[in-house]
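Down below is the structure, laid out as structure tokens.
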Amino acid sequence: MTANTLNPITANDIVAVIGAGTMGAGIAQVAAKFGHTVLLYDKMEGAAQAGLDRTAKGLEKLVSRGKMTAADKDALVNRIQATENLSDLAPAKLVVEAIIENLAVKQSVFSELEALCSADTILATNTSSISVTAIGSALKRPENLVGMHFFNPAPIMKLVEVIKGLATSESVAQQVYDLSVAWGKHAVMAKSTPGFIVNRVARPFYAEGMRVLQEGGADEATIDAIAREAGQFRMGPFELMDLIGHDVNYAVTSSVFDAYYGDQRFLPSLIQKDLVEAGFHGRKTGRGFYDYSDHAEKPEAKTRAIQNAPTSITVEGEMGCAEPLIARIEAAGIKVHRSTEHDHNGRISIGDLVIALTDGRMATERASVAQRRQLVLFDLALDYSQATRIALTKADQTSEESLNQAAGLFQAIGMQVSVIDDIAGMVLMRTVAMLANEGADAVNQQVCSAKDVDIAMQSGVNYPQGPLAWADSVGLEQIHTVLTHLVNSYGEDRYRPSPLLRRKVFGAQTFHG
Ligand code: NAI
């Protein structure tokens, strides 16, 4: 039998893991938990045993917290055997490689394994950036090689990206997909392309934040607070980059940018390059965007002082995804008059002041086109019925008094208000539009399905909602309009709407219809 035949891997099959570092030791734990006998190999003397010891220590903590019994822990640890002989891996049905990120070294290890293991052994690589196709090119049986991309820490993070190289057989990919699900993971299937799904689609989360910062739209703490409190992301882009490390994050962006032949969508940021060159790599070096030294105070988000609430507002047209705001406004005791005469995108008016959701244009441009002096825009929120913060911006023509009136309205419904400078697409709207656009491009280029984009971003990087489902709920026409306006504002190819997004808009469809 060859690995090409669908032959499910079961708990009785032996799994080998090569490389007992951060990822390898975690993957061994995941496999042993399911019941496999796991052979853990590392070429560095003592490293396999050290990896196993780390795993045992981590599990002891779970036992002491009452999350696992001592007997289960012992049984799990006993199923992992550390070895320093590659030849011991011969009986494995699946070998997962998690060694140094180097094409030639990976090719040579897999070539040795091919000679050792049987013809139906599945060879899987945990590479996060090397082409599975390229690794497979050195093999006699490239059809047996597949990507099995875990996220750190492997026992906790739910996602596994199953990556098909050009020569990978469908059945091998399917077996690894099914096994990942059996291991309790959320598996997605993707073609071997730069960044796979997560490391590609996530780029705008960091990049758009850095662009707003670079243009002086808002400071790091304010952008992070908007992402957390309006977007419900667990961390804002700057605190997350500081945690990941700028050396790592910048290297990923640069490698994806290079791999796509300099596509402007992935253009790295000079701000981040500066941090890398300064050695300010984030938390691990004590300084990144923020200062982590002992007495440093974390800067606070800019928050507008409390303003007077209006007694009544008029809502013209349909508010779309921002409709839940209106119920909150009514619940706060503010009288709401509804006018159906206006058939464009909905807006709120208070006297001659108009308050509207950003459509990707600068407020100043939009006020000028509409020949309206008093215009305040608000940013996207994941859920307007719950958001605790909102970003506002005003046109240059608009008075501070009008801005304060708008701030008073949002404060009256329990939101903190962060006023940002007049940046096209504000913070969250441009970020979510670009995340969805990148996800749409991945689907359009046949890398993966729309469903898998959303699973990957929710399970791999903890996004509060998949970007394509989020775009559906905002309205694809709105997302498309935002991107088109960003193209106009910047004149940059970076913001070009994905052909698939355009098609969905013109076909009046959604990604998850
Ligand atoms: P690590 O540096 O913690 O561990 C690598 C281990 O591989 C070391 O113990 C080293 O001695 C061993 N090793 C190196 N060359 C070897 C060889 N020729 N044969 C056997 N063992 C060898 O690295 P880490 O972070 O665990 O990464 C491993 C792989 O996983 C890389 O391909 C990386 O890109 C990928 N990855 C890493 C993630 C992370 O967050 N650290 C996330 C997802 C994938």
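Applying the Karplus parametrisation 6.51 cos²θ - 1.76 cosθ + 1.60 with θ = phi - 60° to the phi angles of the range 384-396, what ³J(HN,Hα) value in whole Hz is obtained for each residue in order, glycine and proline being reported as x?
5, 7, 10, 3, 9, 9, 9, 9, 10, 8, 10, 6, 4
Got a sec? What order do Tyr261, Tyr495 fall in by accessible area at 1.4 Å, biggest, i.e. largest, first?
Heavy-atom accessible area, descending, gives Tyr261, Tyr495.
Apply the Karplus curve 6.51 cos²θ - 1.76 cosθ + 1.60, θ = phi - 60°, to the phi angles in the range 269-284 and return the couplings in whole Hz, x for Gly and Pro.
My calculation for the range 269-284 gives 9, 5, 4, 6, 4, 4, 4, 4, 5, 7, x, 8, 8, x, 3, 5 Hz in order.
State in Å² the accessible area per residue of the range 312-419; use a 1.4 Å probe, count heavy atoms of protein chains only, and round to the nearest integer.
42 Å²
Based on alpha-carbon centroids, what's the gap between the range 254-301 and the range 49-117 in Å, whole number please?
Answer, in whole Å: 33.
Enumerate the calculated ³J(HN,Hα) couplings along the range 223-232 in order (Karplus 6.51 cos²θ - 1.76 cosθ + 1.60, θ = phi - 60°), each rounded to whole Hz, writing x wherever the residue is Gly or Pro.
Listing the rounded values in order: 4, 4, 5, 4, 4, 6, 8, 9, x, 6 Hz.
Would you please give the residues with an amide H less than 5 Å from that of Leu357, counting only those at least 5 places away or on a separate chain, with H modeled from the backbone geometry?
Amide H neighbours of Leu357, under 5 Å, 5+ apart: Phe378.
At 1.4 Å probe size, with every protein chain present, just tell me what the per residue accessible area of the range 429-506 comes to in Å².
For the range 429-506, the solvent-accessible area averages 33 Å² per residue.
Quick one: ranking Asp178, Asp383 by accessible area, 1.4 Å probe, largest first, what do you get?
Descending order: Asp178, Asp383.
If you roll a 1.4 Å probe over the chain with all protein chains in place, what percent of the accessible area is carbon or sulfur?
50 percent
Would you please give the residues with an amide H less than 5 Å from that of His186, counting only those at least 5 places away or on a separate chain, with H modeled from the backbone geometry?
Excluding prolines and chain starts, which carry no amide H, the hits are Leu159, Val160.
Show the residues, 5+ positions off or on another chain, whose built amide H is closer than 5 Å to the amide H of Ile122.
Result for Ile122 returns Leu94, Val95.
Compute the accessible area per residue over the range 11-192, keeping the other protein chains in place, probe 1.4 Å, unit Å².
Heavy-atom accessible area per residue stands at 41 Å².
Tell me, what is the percent relative contact order of the chain, built from C-alpha pairs under 8 Å that lie six or more residues apart?
12 percent
If you average the sequence gap of Cα pairs under 8 Å that are 6 or more apart and divide by the length of the range 1-140, what percent do you get for the contact order?
Worked out over the range 1-140, it gives 28 percent.
Note down the net charge around Gln49, summing +1 for each Lys or Arg and -1 for each Asp or Glu among other residues with Cβ under 11 Å from its Cβ.
-3
The values are calculated or read from the model by the stated rules, or taken from the named source; none is laboratory data. Remember, predicted model here, so these are calculated numbers, not experimental data. Positions of Cβ are backbone-derived with ideal geometry, glycine not excepted, and every protein chain shown enters the neighbour counts. Surface accessibility is based on the protein's heavy atoms, side chains included, excluding ligands, DNA and RNA. Shrake-Rupley method; radii C 1.70, N 1.55, O 1.52, S 1.80 Å.
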